[in-house]
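Since the structure comes first, as structure tokens, the remarks are kept for the end.
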């Protein structure tokens, strides 16, 4: 009997070793699954209680447990849990007493990162109201659209955005919208101040009866994503989804001893759902910054004793591009949470700044599926977790990029992709993985649904993202499909940009798409336009127009002036694999970042169907002419391309005059640079053409010469 017992004990002792050898990630997979399952169970439990325990109750628990613990650090100010609670009580009372809000109403917030944003949000939860998080970069038509589709009755605005509000104020007043500055005074007719009203009311706790009708399915937030019809879509975030959103912070083992640094905008789900709400649940401290600054990032981390940072991929690249310093590793940061991090930046970041645990994740604001790289596999966004896969039904399916639709077999069902091949991520819509859709109509919601995917009548959410699973079951982000692309951490809707550019009087047709730029995450905007007959191109007018009506991340940096109309086959070219993988290689500015963009105009003739190689070039800081790589493409067009060059001094002007006689291949360019004239004679052989590009930098005209040699 004893030998049997010894054998069993030996087997049990050897079991972990055998499991680790055969399934090296089993215990990590199990631990992650249990953490996620715990979050889901906690959410279900909170949803069954009466009254429903929203994220507010997690915050109030921390107020009771640690009232004097710092909750928010902003610049040189410190706000404790108790102070933020009392201030949000005042906000709730002012919203109810002076603005007449009741549970079920919606308020739109048009503000940057500041403490008032947080206690406004808490005050609205205490009233049972929803908050629409407007992107403070949008203007005009987009701003009106975002406000209107949320159904908000009130707009609260930062005084710094006065010009943007005054532009749309007449339209808002026609709809009887109440507009308030989050300040104690107002110098705009028709706009009242709000903080003076907050100061007048009591800071005592508000009664639960004010939010008694709130359920887990009640909308809590409207967070905006890019829309395929051109304008942003308001993703509906209910109270159940807010609980799921804090899963990353819990799975990352954020504790009450952590100090979280968030330079991301609060109108995004990352800063709000993960950063702010993660602090509320764990009892941590949040350090809020108005905007990201690469030069001050690590100084802030040392000043506030930061232990956890939030990022998007571009931010860590900017940090790596800064000059190295002896104190690069002098900090307490142990964890980074975010998405969009490229493998090369990941390696460099860890090498330079220390062994920081990076929790890269994949998710979307409105989506019903997400992954987290809990194994620290560089470049991956997560793993195919066998246990999770048994609960959450998701697949990668074959996708036709040209037709912008899934590929189906002879029976009309979608086809799963093999490992190692990119596929469209879809996730079944169930009670456990719901899709709440968008506000402002059902059409956009229905477009994100796929039916009859693997059997008749099934229903899946279309993420719009191509992912790839390797042979070790690691998941990698590949690309985004459809009429959107991502640049500078923001989603850009191509149709919105096209509609805006199309309003310029000399533009007849326009098509917009994203192209990749080496050394930068995401894609940058390129617009192809057809000029109206008997109209001249006006670069200054176009530049002013897009600056006035588009946020900086959505402005096209590249433009092609078409000789022919933008027929459907021409428009589809931008979506094809061979074109979508083209790289634009501009001369880089300081720290490897793109300098302020402008517009460039080309003159010349292009033979239909010609294969060409464009040589990117520009002027360096010392005035030297510089070529920098090649950009192959096939297109019937002039090339109008925005290129980043080295910084141009504000006093310098580069004038380029071109004389090009038809059937003559001599071009004389006269350049005036720093008041010094240089005569350049460029001789081209037969079928060689020249393009002159002029761009604006800081309001001053500069120029870049590009030569295209026809094959």
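Couple of notes before you dig in:
- Among the conditions (1) crowded, with 22+ Cβ neighbours inside 10 Å; (2) free of Cβ contacts under 8 Å to residues at least 60 places away in the same chain; (3) closer than 19 Å to residue 375 by Cβ, residue 339 misses just one, which is (2).
- Meets criteria (touching a strand residue (DSSP E or B) at 6+ places or on another chain (Cβ under 9 Å) and either free of Cβ contacts under 8 Å to residues at least 60 places away in the same chain or under 29 Å from residue 398 (Cβ atoms) (or both)) for residue 471: no
- Only one of the listed residues (133, 146) is surrounded by 24 or more Cβ atoms within 10 Å (Cβ to Cβ), within 29 Å of the chain's Cα centre (by Cα) and over 20 Å from residue 290 (Cβ atoms). That residue is 146.
- Within the range 449-468, being under 23 Å from the mean Cα position of the chain (by Cα) and at positive phi holds for one residue alone: 464.
- Qualifying residue in the range 99-118 (condition: free of Cβ contacts under 8 Å to residues at least 12 places away in the same chain and surrounded by fewer than 19 Cβ atoms within 10 Å (Cβ to Cβ)): yes
- Which listed residue, of 118, 125, is part of a helix (DSSP H, G or I), within 23 Å of the chain's Cα centre (by Cα), at pLDDT 95 or above and under 28 Å from residue 289 (Cα atoms): 118
- Scanning the range 235-247 for residues that are part of a helix (DSSP H, G or I) and over 15 Å from residue 368 (Cβ atoms) yields a single hit, 239.
- Residues that are in contact (Cβ under 8 Å) with a residue 40 or more places away in the chain, surrounded by fewer than 16 Cβ atoms within 10 Å (Cβ to Cβ) and not in a loop (DSSP other than H, G, I, E, B), drawn from the range 374-418: 386, 387, 391
- Total residues in the range 437-448 satisfying the condition of being at negative phi and surrounded by 15 or more Cβ atoms within 10 Å (Cβ to Cβ): the figure is 6.
- A search for C-beta distances below 6 Å between a residue of the range 552-571 that is in the same structural domain as residue 508 (by TED's automatic domain parsing) and under 18 Å from residue 508 (Cα atoms) and any residue that is part of a strand (DSSP E or B) and at pLDDT below 80, counting only pairs 6+ apart in sequence or on different chains, returns 558/641; 559/640; 560/637; 560/640; 561/640; 562/637.
- Here residue 302 passes the criteria (1) surrounded by fewer than 23 Cβ atoms within 10 Å (Cβ to Cβ); (2) part of a helix (DSSP H, G or I); (3) in contact with a helix residue (DSSP H, G or I) (Cβ under 9 Å, 6 or more places away or on another chain) except the one numbered (3).
Per-residue answers, yes or no, for (1) at pLDDT 80 or above; (2) surrounded by 18 or more Cβ atoms within 10 Å (Cβ to Cβ); (3) closer than 30 Å to residue 372 by Cα; (4) outside the structural domain of residue 560 (by TED's automatic domain parsing):
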| position | (1), (2), (3), (4) |
| --- | --- |
| 496 | no, yes, no, no |
| 500 | yes, yes, no, no |
| 504 | yes, yes, no, no |
| 508 | yes, no, no, no |
| 512 | yes, yes, no, no |
| 520 | no, yes, yes, no |
| 523 | yes, yes, yes, no |
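- One residue from 250, 246 being surrounded by fewer than 21 Cβ atoms within 10 Å (Cβ to Cβ), within 16 Å of residue 283 (Cα to Cα) and modelled with pLDDT under 95: 250
- Qualifying residue in the range 477-493 (condition: without any contact (Cβ under 8 Å) to a residue 12 or more places away in the chain and not in a strand (DSSP E or B)): no
- Residue among 287, 281 that alone is part of a strand (DSSP E or B) and either touching a helix residue (DSSP H, G or I) at 6+ places or on another chain (Cβ under 8 Å) or over 26 Å from residue 381 (Cβ atoms) (or both): 287
The values are calculated or read from the model by the stated rules, or taken from the named source; none is laboratory data. Just so you know, these numbers come straight off a predicted model, no measurement behind them. Quick reminder, even Gly has a Cβ in these numbers, built from the backbone with ideal geometry, and neighbours come from all protein chains shown.
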